[in-house]
Amino acid sequence: MSANSDIAVAKFLEHTDAEAASFFEACVHCGECAEACQFYLSTGDPKYTPTYKLRPMERAYKRDKAPFSSLKKMLGLAPSPVTEEELREWEPLVYDSCNMCARCTLVCPMGIDIAGTIRKMREGYAAAGIVPEGLQRAAEFVKKTSSPMGITIKALTAQIKHQEEATGIKIEVDKQGADYMAIFSSMEIMGYPEVLGAYAKLFKKAGLTWTISSVAYEATNTGVQIGSGPLAKEIVTRVVDAAEALEVKHVISPECGHAYGAIRWAGPNMMGRQFKFEVVHIIELLDQLRREGRIPAGGKDTRRMTLHDPCQIIRRGGLLKEPRRLLDESCSDFVEMKGAGITNYCCGGGGGVSANPRAEELKTAAFSRKVEQLNGVKDLEAVVVPCGNCRAVFEDGLDAYDMDLEVIGLSELVAETLDESPEKQG
Amino acid sequence: MSFVEFVEGPLFILASAIFVLGALWRVIGIIRIGRKKDISPPKGSAVMGFVVGNLRHFFPRGIFARRTALHIIAGYGFHLALLVLVLFAAPHIAFIQDRLINVNLPEMPRWGFIVAAEIAFAGLIMLWVRRISDPVMRLISDWDDHIGTWLTFLVMLSGCFALQESQSFLRGLHMLLVDVWLIYFPFSRLMHAFTFFLSRGNTGATYGRKGMNL
Amino acid sequence: MMMRQILALVLFASLLNVGVAHAQTTAPNSEANAKAAQALENIMARQRGEVVLPSGSDVPAPEGGPLFGPDPGPPNTLGAQSQSDYWRAYRGGDPADVVAAIESGQAMTTTGQQWRLLRENYIRKYAGWFPVGVIGILLVFHLVIGKMTISAGRSGKTLPRFTLTQRVAHWFMACVFILLAFTGLIILLGRLAIAPYLGKEVNSILTSASLQGHNLFGPLFIIALVWMFIKFVRGNFFQLVDFKWIFKLGGLFGGHVSSSQFNFGEKSWFWMVVLIGTVISITGIALEFPWLVADLRLLQLSTILHGVGAVALISVAIGHIYVGTIGMEGSIDSMLKGEVDENWAKEHHDLWYEEVTGKPASEDAS
Ligand code: HEM
Ligand code: SF4
Ligand code: SF4
C-alpha cells in the first residue's frame, strides 16, 4: 500500500455505487466479453478481456465494500489489498485498451456495462495521478487554453474567417439570444473546419439563428476521457456559463459522441442542477430539420458509401435511425458494412485512446477490424464517419493499412447535398 | 438419528436458512449501496429499461452467437436441464412435497429425467473444460469458479449415483452435498443466479433513461 | 416376439445382478431359525437313509414313475427325485431362440456358463493388471529415462495448434472417459478388489453408484466420440513418414524422428480411440438397452468385448496422459492454450512446423 493506492482505492470505493457493485457481483467469468472487444480480437492477448480490465476496482470493492466483506476478511478469505504496483500494471489496460465502446455489454449474459465502469475506475486513477502522459498533457492544455489541442480563440477566428469566405455566409460569434449555440471538438476545428461552413449553410437554409461562443467553443471533454470528475466539471461549466450568459435556447453538441455524453448526461449531474437550455446532438437536429422540411435534400452523392457507427452516438447514444435517414436522402449508393448498427466496431480510438500516443500501436491493431469490415464492401468509394475523433482515427488507420478511401463527415455531406434552389425555401 | 435423517432434517433446515438469509442479505446489501439520483433530463423510461434489459440479454445476438455458439449451447443446455431436473424429477417432487411445500408439480417420466440429466452433465462438463482450456478463461477464472462448478457437479453426480434408490447411504451423500452447496451458495459466485437481474437491470435502466440502444 | 424380448430382459437383469451384491440384512427371526433347524434335520435324516417327505415345498414327491428318463436316480436332499435328465435336456436349448427352447423344455443354455467362466477366470482375474502394468512401466521409464524436454529450450514464440472447439471436444471426451473408466472398473473388479478389503457393504454401495453413473455417462461417450472424430480426423491419416517413426521407436530412446501434425503414436491412439471406442459404444448400447438384442449370445459377447476393449483403452490412455502431462515438456500447452512453443513443434512435429510457418525446422534441412 502506498499513498497513491490509498487515494485510488478510496475513489474506487466512492464510485462503486449499487450499479457498479451489481456488475462486480454478477460477473460469472464466462469470457464472452472477450469475443466482443476489438483489442482482444485483434491481438489475441487474454489480458484485454473486458472484465479483466476492472480487476483492481473489483478487488477493492470485494475487500472493503461488498456484502460479507468483513466476514470474509475475518476469515482471511477477502482479496488482498490493491497495491500501487498492480494499479500501474493495469494502467495501460484501463487507458490504452478500452475505447468505452460498450460492445462487450451486448454479448455479456449479465449485461454488464464495462465501459461505464471503466469510466468510474479512471476516477481512481486520475485522482492518484496514475495516467498516461499523453492524456496528462491534454489535461494541462485544457487548463491553460480550454482545448486539449491548445486551440486558442485566435486559431478559431481564423478558421471561421476561411469558412465565411468559402461559403459566403456570415458566422456570428457571441450573438446574444441566438436559438442555438454550437460547440465543436478540437479535431473538427483543426482538421475539418468545413463543418463550420456546413453548419452555416444548413442553418441559413433552415432559417434558425445560431452562434459560437468565443470563450466556450470546445466540446471535447478531456476530463471525461482521463476520468477526472473535477476537470470534467470545469469544462462543462465553461460551456454552460457561456450558453446561459448568451441566453441561447439550445446547445448543439458536435458529432463527437463523448462530448455529447459529457454535456447531455453527465453535465447536469456534475453541476448539480439542470440547465436553462437544451442540449441537442447535431444529427438529431439535422434529422428533425429534415423531417420538418426545412433542409430538403437535393441531388444525391452517387459514390458507393457506407456508414461507420460511432459508439457514443449509435450504441450508447440511441441515434440509430437518424443518420441512416439522412444518408438515404443524401447518397444513391449506400451499403451497410457487415455488423453495422448497434453491434458495429469502434474505430479503435474512442475513450481517449486516440489522445494517448502510447496506445498508437494498439489503436492501429484494433483498426484492423474496421479494415476487415470496409474490405467486405465491394467497390467502396467513401465512408461516412459522423464523429470528428473517429474521422481522425480513420485517416490514420487507412494510412497505416494503405487503403484509399474517402472519409466524410455527415454534416458536410448533408450540407453538400442540400437542395439550394431558393423557390423551395420557406 | 441416522445419517440420512440428519442430512435431510436438521442439516437441511440449517443449510436452507443460511441459503435464504445469506442470499437475501447479499442482494439487499448490493441494492442498499445506492445510486446517485440522475438529474439530467431523461429521454426514456428507466423502469422500462430495467425490464427490457433483463429480457434482452436472454437472447444472444446473431453476430456474436456464431463465434460463441458452443458456449451458448452448453450454457443454456446446462441451466435449463438443471432447472428441469431440480423441479420436475420424481424424487425431487416427492422431497419438495414432503419437506417444503405441498405443491403439485408435474412429474417427468423417468426417461425425461434421464435425458435432462445427460444434457445437464454434458453442458456442465463442456463449460468447465472450456474454463480450463482457453487462455482467456484461465486468466479470469478463480477458485470460486472452480469450487462452484465442482460442487454443483458433485451434487449432480451423487444424485445420479443414487438413481437405483437401493442404498440409503447414496441418498444421504447426495443430500449432504446439497446441504454443502446451499451453504456455499450465498457467499460465492453461484449468487449470479440472483444478481443477474440487478446487473442487467441496472444497465438496462441507464440505457433506457438515455434512450440508448439495448 | 414381445414375450421373447421380455424374457431376454429378465435374463439380462439376472446377469447384471452377478455384479451387484445385495447386502442382506440378517435380522434374527425365530421362525426362520426353526425352519432352518428342521431342514438340517431332514437332510441328516435322509443321509441316514430314512424317507422324509418335503414339507411346505411345492415340489411334489415323485409318484409312481420318474418324470424324465428311465432311471430316476437317487433322491435329492429335499427328498424329491433327482431330475438330472430333465436338467440336461433343459440346458440343451438353443440360445438364439430362448422362447422356442423353453417351449420344448430346453430353456437353459450352456453359452452362459462358458461366458461366466470366461468372465470370471480370465477377464476379472487379469483385467486389473493391465492398467497397473502400464503404470509400472511408465514409472520405470520416468525414473530411468525421464522427462522428454525441449532440447533447444522454449523459444517463447508460439504456434496455434488446436482450436477452442477441438480443445473442448478433447477434454469433454477425457472427462467422460475418466468417469466411465472409474465406474466401469468398479463394476468389473469391485468384488475382487474392493469387497475383500473394504467389505461387501462398501462394495455394494460403490457398485450400485457406479452402475447408475456408468449407464448415465455412456451415451455422452458416444457424443464425445463422434465429436472428437469429426474434429480430429484431419491430419490423422497414416503417411509414409509414420513408418520411419516406428523404426526409431518414436524417438523415445533418442534419435530424430520426423512427423507431420500428428506422429504415428498419436495417430494410432486416435484410431484406437475411434475403433475401440466404436466397439465399446455399440456393445454398450446393447448392454444398456438389452431388449434391442434378441440373441443372448450377442449380449454375452458384448460384455466380453466391452470389458476387453475398455481395459485396453484405459491402459493406453494412461500412457497418453503420461506423455501429455509430465512425460513431455510443452505437450499440454496445445490442449490448455491451443498454442505450442515453436521449438516444441520443431522437435516433435517438424513437417507440420514447416507446413505452418513455411520455414525449415532445422538448419541442415534445406
Ligand atoms: C486427462 C488426461 C489427458 C491429458 C493430459 C491429455 C493430453 C492430450 C494432449 C496434450 C494432446 C495433444 C497432443 C498434441 O499436441 O499433438 C492430446 C490429444 C488427444 N487426446 Fe488426450 N489427454 C488426456 C486424456 C484423454 C482421454 C481420456 C482420451 C480419450 C479417450 C484422449 C484422447 C485424445 C485424442 C484422440 C487426441 C488426439 C490425438 C490425435 O489426434 O492424434 N485424451 N491429449
Ligand atoms: S467497452 Fe469496448 S473497448 Fe472497452 S472493454 Fe468493452 S469492448 Fe473492449
Ligand atoms: S461477458 Fe459479462 S459475465 Fe462474462 S466475463 Fe465478461 S463481464 Fe463477466
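Since every read-out is calculated from the coordinates, none of them should be taken as a lab result. If you're wondering where the values come from, they're calculated on a predicted model, not measured in any experiment. Virtual Cβ from ideal backbone geometry, glycine too; neighbours counted across all protein chains shown.
Would you please classify the overall shape of the stretch A:135-290 from the alpha carbon gyration tensor, given that a ≥ b ≥ c denote the square roots of the eigenvalues, rounded means a/c under 1.5, and beyond that prolate means a/b larger than b/c while oblate covers the rest? Cα axes put the stretch A:135-290 in the oblate bin.
3J(HN,Hα) along the stretch A:78-94, derived from phi through the Karplus expression 6.51 cos²θ - 1.76 cosθ + 1.60 where θ = phi - 60°, amounts to 6, x, 6, x, 6, 9, 5, 3, 4, 4, 5, 4, 7, 3, x, 5, 6 Hz, with x in place of Gly and Pro.
3J(HN,Hα) along the stretch C:170-178, derived from phi through the Karplus expression 6.51 cos²θ - 1.76 cosθ + 1.60 where θ = phi - 60°, amounts to 4, 6, 4, 4, 4, 4, 4, 4, 5 Hz, with x in place of Gly and Pro. When B:Lys43, A:Lys62 are sorted by how many other C-beta atoms sit within 10 angstrom of their C-beta, beginning with the fewest, the order is B:Lys43, A:Lys62. A simple spin-label model places the labels of B:Ala94 and C:Ala37 4.0 nm from each other, with each point 7 Å out along Cα-to-Cβ. Computed from Cα positions, the angle between helix A:114-128 and the longest principal axis of chain A comes to roughly 70 degrees.
For chain A, a Gaussian network of Cα nodes joined below 10 Å ranks A:Cys101, A:Cys346, A:Cys331 by mean-square fluctuation, and the top entry is A:Cys331. Measuring between their Cα centroids, the stretch A:63-80 and the stretch B:29-62 lie 28 Å from each other. Between the Cα long axis of helix B:168-184 and the first principal axis of chain B there is an angle of about 20°, rounded to the nearest 10.
For the stretch A:291-425, a crude dipole built from +1 on the beta carbon of Lys and Arg and -1 on the beta carbon of Asp and Glu, taken about the Cα centre, is about 700 debye to the nearest 20. Residues in the stretch B:67-73 carry Karplus couplings, in order, of 5, 10, 3, 4, 5, 5, 4 Hz; the curve used is 6.51 cos²θ - 1.76 cosθ + 1.60 with θ = phi - 60°, and Gly or Pro positions show x. Checking Cβ-Cβ separations below 4.7 Å across the protein assembly as shown identifies A:Cys27, A:Cys30, A:Cys37, A:Cys98, A:Cys108, A:Cys256, A:Cys331, B:Cys160, C:Cys175 as cysteines lacking any candidate disulfide partner. Take each residue of peptide B:126-132, count the partner chain Cβ atoms within 10 Å of its Cβ, and average: the result is 6.
Judged by the gyration tensor of its Cα atoms, with axes a ≥ b ≥ c, the stretch C:115-228 is oblate; a/c meets the 1.5 cut and b/c is at least as large as a/b. Legend: mean number of C-beta atoms from other chains within 10 angstrom of residue C-beta atoms, peptide A:188-196, equals 0. With both labels modelled 7 Å from their Cα along Cα-to-Cβ, the B:Met1 to C:Phe243 distance reads 7.3 nm. Amide hydrogen proximity for C:Val340: with H placed 1.01 Å from N in the peptide plane, the residues at 5 or more positions away or on another chain lying under 5 Å are C:Leu159, C:Arg161. Peptide B:156-166 is shielded by partner chain Cβ atoms: per residue, an average of 5 of them sit within 10 Å of its Cβ. The calculated FRET efficiency for the pair A:Gln274 and B:Glu107, based on their C-beta separation and a Förster distance of 45 Å, comes to about 0.15. Taking a label point 7 Å from the Cα of A:Lys161 along the Cα→Cβ vector, which residues of the stretch A:200-214 have an amide N closer than 20 Å to it? Under cut-off, by backbone N: A:200, A:212-214. Quick one: if the Förster radius is 51 Å, what FRET efficiency do B:Ile147 and A:Asp241 give, using the C-beta to C-beta distance and rounding to 0.05? That pair, B:Ile147 with A:Asp241, gives E of 0.40.
The calculated FRET efficiency for C:Ile304 paired with B:Ile73, based on their beta-carbon distance and R0 = 30 Å, is about 0.20. Based on the Kirkwood approach, the hydrodynamic radius assigned to the protein assembly as shown is 34.3 Å, with every pair of different Cα atoms included.
Largest GNM mean-square fluctuation across B:Pro106, B:Pro91, B:Pro41, computed for chain B with C-alpha springs under 10 Å, falls on B:Pro41. Going from the residue with the fewest nearby Cβ atoms within 10 Å to the one with the most, B:Trp111, B:Trp181 rank B:Trp111, B:Trp181.
In this structure, the amide hydrogen of A:Arg303, modeled 1.01 Å from its nitrogen in the peptide plane, lies closer than 5 angstrom to those of A:Ser332, counting only residues at least 5 positions away or on a different chain. Classify the stretch B:75-201: rounded, prolate or oblate, from the alpha-carbon gyration tensor (a ≥ b ≥ c, eigenvalue square roots; a/c under 1.5 rounded; otherwise prolate if a/b is larger than b/c)? Prolate. The angle separating the long axis of helix A:388-400 from the principal Cα axis of greatest extent in chain A is about 80 degrees.
The modelled label-to-label distance between C:Ile230 and C:Ile321, using points 7 Å beyond Cα along the C-beta direction, is 2.8 nm. The order of C:Leu189, C:Leu296, A:Leu135, going from fewest to most other C-beta atoms within 10 Å of their C-beta, is C:Leu189, C:Leu296, A:Leu135. Antiparallel as a % of all DSSP beta bridges within chain A, to the nearest 5? Around 5 percent antiparallel, to the nearest 5.
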